[in-house]
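Chemist: The structure follows.
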Amino acid sequence: MGLCASAPKSRTNPERNQFQNHQKSNLFSYNQTNPPSTNSPQKFSGQVPPQTTTSPGGGGAGGGGATPSFSEFSFADLKTATNNFSTDLIVSESGEKAPNLVYKGRLKNRRWIAVKKFNKLAWPDPKQFAEEAWGVGKLRHKRLANLIGYCCDGEERLLVAEYMPNDTLAKHLFHWENQTIEWAMRIRVAQYISDALNYCSTEGREVYHDLNAYRVLFDEEGDPRLSCFGFMRNSRDGKSYSTNLAYTPPEYLKHGRVTPESVVYSFGTVLLDLLSGKHIPPSHALDMIRGKNIILLMDSHLEGNFSTDEATIVVDLASKCLQYEPKDRPTIKDLVATLGPLQNKCDVPSHVMLGISKQEEAPLTPQRPLSPLGEACSRKDLTAIHQILVMTHYRDDEGTGTNELSFQEWTQQMRDMLEARKRGDQAFRDKDFKAAIDFYSQFIDVGTMISPTVYARRSLCYLLCDQPDAALRDAMQAQIVYADWPTAFYMQSVALGKLDMHQDALDMLNEASGLEQKRHKGERRGS
């Protein structure tokens, strides 16, 4: 995998080059202090958004919608997304000193991100950094704050992850303001993090660096997730632990190596945090456990509202995790097996147990009167949208410059491509949407002609086949081909709505309506 390689240029169509030549990343970032105006169409910088994935076991991603696939970002775009790495946007609470800092940022597609910026000397070899990042980027799970990209631009080394908006476990345990974490939620945290570690272990990522309460984050639903940043070292040859030596696995102090057993030891320290509500050195906690002073170990803010039997099991598990000899500690699978049966209140959402409010999305309220297509899109009425697109046919492709072909291009391949589009149109009219996707894909993949209408039609087909991520991708590609086409914006609005990104859907709906209004004024002046 080349670090800066672009896709090869097409010899036949410069407009295809515009979006094929930059498929490294989703670089739609903007300066937070100067967001795009809603009075003018949002211009994507010729970039095709990466494919998205769904986390194993279900669940979406923090920041709205499904998790984007791993990709490379440019430093300029991450700089813009974080408002030039503003100190106001530093969100790291790990206690690590600069320059390894984590920033909150926002891409132009409105997705919030967390950006970890490394010391410029931390990873001198860009290939080594990229390979390590790609390895972590393959992980996808609903219990992880997943890594969605990296930047290896000159001397800059950065990681990009899903942003988790509801703080860290450390904040909720040690610095809470309204209420402490109730017992059932503490068990849920332990269970979810053990699930995340177990998944990563099965994927060949058994080593996690410096697991602690700052590495456990809460997403928009209040569900705990494990930060993916811990799967990468702070530098090529740097330390794997930044916490106080009292919390560091003894074998790491002796040999400087992190093993799967070291991760279990660190998990034991997190269990102590959950039990006590304080950061207690393991040696002190073990003395309390040996003296059977379990009640003294428990967080007084729980006010006795916990199951003594469950607490005894968790204390025993923590004690086993903190054994001096690595071979005496349980495995990750043992952690999952022990914590699973303790789960209760499974029907109570995490945000309720945390005592945080879940943001409700405002209903779509367009700024202007809508056309029939706009009305159908605001209602997400896919049947009505289909009828309108069938009636419109390819009228809006006129003037896009995608249908002008030289005599030499009328080859058998060309005839096959046009036949594929014809069959796609027939399947589209007949509502055989899976077949339409196949035929339109054959037409698109040849690349000699680029039709925004085909992208819009395939986008609708994807929506009707319950694939909103692919639908959004096609709608954005239609916009790249035809920058001011209202239909491209309307289709993005529907796809964003299906992804539960309601404010973004409303923005697109308003932009489409504005473009339509502008077009109609131009037509009246022209007549």
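The values are calculated or read from the model by the stated rules, or taken from the named source; none is laboratory data. What you see is a predicted model; the values in this text were computed from it and never measured. In this analysis, Cβ positions are derived from the backbone assuming ideal geometry, glycine residues included, and neighbour counts consider all displayed protein chains. Accessible surface is based on the protein model in full, side chains and every heavy atom, while ligands, DNA and RNA are left aside. Shrake-Rupley method; radii C 1.70, N 1.55, O 1.52, S 1.80 Å.
Chemist: Do we have LYS278 as outside any helix (DSSP H, G or I) and either free of Cβ contacts under 8 Å to residues at least 12 places away in the same chain or not basic (Lys, Arg) (or both) here?
Modeler: Values: outside any helix (DSSP H, G or I): yes; either free of Cβ contacts under 8 Å to residues at least 12 places away in the same chain or not basic (Lys, Arg) (or both): no.
The answer is no for LYS278.
Chemist: Another question about this same structure. Given the condition farther than 23 Å from CYS200 by Cα and at pLDDT below 90, answer yes or no: does some residue in the stretch 254-264 qualify? It would help to see each step written out before you state the result.
Modeler: Initially, the stretch 254-264 is screened for residues farther than 23 Å from CYS200 by Cα, giving 254-255.
With at pLDDT below 90 added as a condition, the list becomes 254-255.
Yes.
Chemist: Here's a follow-up. So in the stretch 480-524, with the set limited to residues that are among the acidic types (Asp, Glu) and assigned to a loop (DSSP other than H, G, I, E, B), which one is modelled with the lowest pLDDT?
Modeler: Initially, the stretch 480-524 is screened for residues among the acidic types (Asp, Glu), giving 484, 500, 504, 507, 511, 516, 523.
Next, from what is left, pick out any that are assigned to a loop (DSSP other than H, G, I, E, B): 484, 500.
Numbers: ASP484: 88, ASP500: 81.
Among those residues, the one meeting the criterion is ASP500.
Chemist: Determine whether the stretch 254-274 contains at least one residue that is open to solvent by 20 Å² or more (accessible area, probe 1.4 Å) and at positive phi.
Modeler: yes
Chemist: Let me ask something else about it. Enumerate the pairs (first residue in the stretch 182-202 and under 27 Å from ASN305 (Cα atoms) and of a type in the set (S, T, N, Q); second residue anywhere and assigned to a helix (DSSP H, G or I) and open to solvent by 10 Å² or more (accessible area, probe 1.4 Å)) with beta-carbon separation below 7 Å, excluding pairs fewer than 6 apart on the same chain, so at least 6 apart or on different chains.
Modeler: GLN191/GLY340; SER194/ILE332; SER194/VAL336
Chemist: Out of the residues in the stretch 338-356 that are in a helix (DSSP H, G or I) and open to solvent by 70 Å² or more (accessible area, probe 1.4 Å), which is farthest from ILE289 (Cα to Cα)?
Modeler: Step one: list which residues in the stretch 338-356 are in a helix (DSSP H, G or I), which gives 338-342, 350-354.
Cutting the leftovers down to open to solvent by 70 Å² or more (accessible area, probe 1.4 Å) gives us 341, 352.
Details: PRO341: 22, VAL352: 32 Å.
Of everything passing the filter in the stretch 338-356, VAL352 is farthest from ILE289 (Cα to Cα).
Chemist: Consider LEU509 against the criteria (1) open to solvent by 20 Å² or more (accessible area, probe 1.4 Å); (2) under 16 Å from ILE388 (Cβ atoms); (3) touching a residue at least 60 places away in the same chain (Cβ under 8 Å): it satisfies all of them except one. Which criterion is unmet?
Modeler: It fails just one condition, (1).
Chemist: Could you pull out the residue among LEU217, LEU197, LEU211, LEU226 that is under 18 Å from VAL336 (Cβ atoms) and in contact with a Ser or Thr (Cβ under 6 Å, 6 or more places away or on another chain)?
Modeler: Values: LEU217 fails: under 18 Å from VAL336 (Cβ atoms); LEU197 fails: in contact with a Ser or Thr (Cβ under 6 Å, 6 or more places away or on another chain); LEU226 fails: in contact with a Ser or Thr (Cβ under 6 Å, 6 or more places away or on another chain).
Just a single option satisfies the conditions, and that option is LEU211.
Chemist: Any residue at all in the stretch 386-394 that's farther than 27 Å from GLU516 by Cα and modelled with pLDDT of 90 or more?
Modeler: no
Chemist: Does the stretch 110-128 contain at least one residue that is within 19 Å of ALA213 (Cα to Cα), touching a Phe, Trp or Tyr at 6+ places or on another chain (Cβ under 6 Å), surrounded by fewer than 21 Cβ atoms within 10 Å (Cβ to Cβ) and touching a residue at least 60 places away in the same chain (Cβ under 8 Å)?
Modeler: no
Chemist: Follow-up. In the stretch 438-453, how many residues are of a type in the set (A, V, I, L, M), assigned to a helix (DSSP H, G or I) and more than 28 Å from the chain's Cα centre (by Cα)? Outline the logic, then answer.
Modeler: Step one: list which residues in the stretch 438-453 are of a type in the set (A, V, I, L, M), which gives 444, 446, 449-450.
Cutting the leftovers down to assigned to a helix (DSSP H, G or I) gives us 444, 446.
Applying the additional criterion that residues be more than 28 Å from the chain's Cα centre (by Cα) yields 446.
Result for the stretch 438-453: 1.
Chemist: Among the candidates ARG110, ARG140, which residue alone is at positive phi, outside any strand (DSSP E or B) and under 21 Å from the mean Cα position of the chain (by Cα)?
Modeler: Numbers: ARG140 fails: at positive phi.
Sole residue among the options that is at positive phi, outside any strand (DSSP E or B) and under 21 Å from the mean Cα position of the chain (by Cα): ARG110.
Chemist: Taking the condition of being polar (S, T, N, Q), at pLDDT below 95 and buried (at least 22 other Cβ atoms within 10 Å of the Cβ), how many residues in the stretch 159-211 meet it?
Modeler: 1
Chemist: Also, I was wondering about something else. Note down all Cβ pairs under 7 Å where the first residue falls in the stretch 319-344 and is over 13 Å from GLU251 (Cα atoms), the second is not in a helix (DSSP H, G or I), and they're at least six residues apart or on different chains.
Modeler: Every condition considered, the pairs that remain are LYS320/ARG329; LYS320/PRO330; CYS321/ARG329; CYS321/PRO330.
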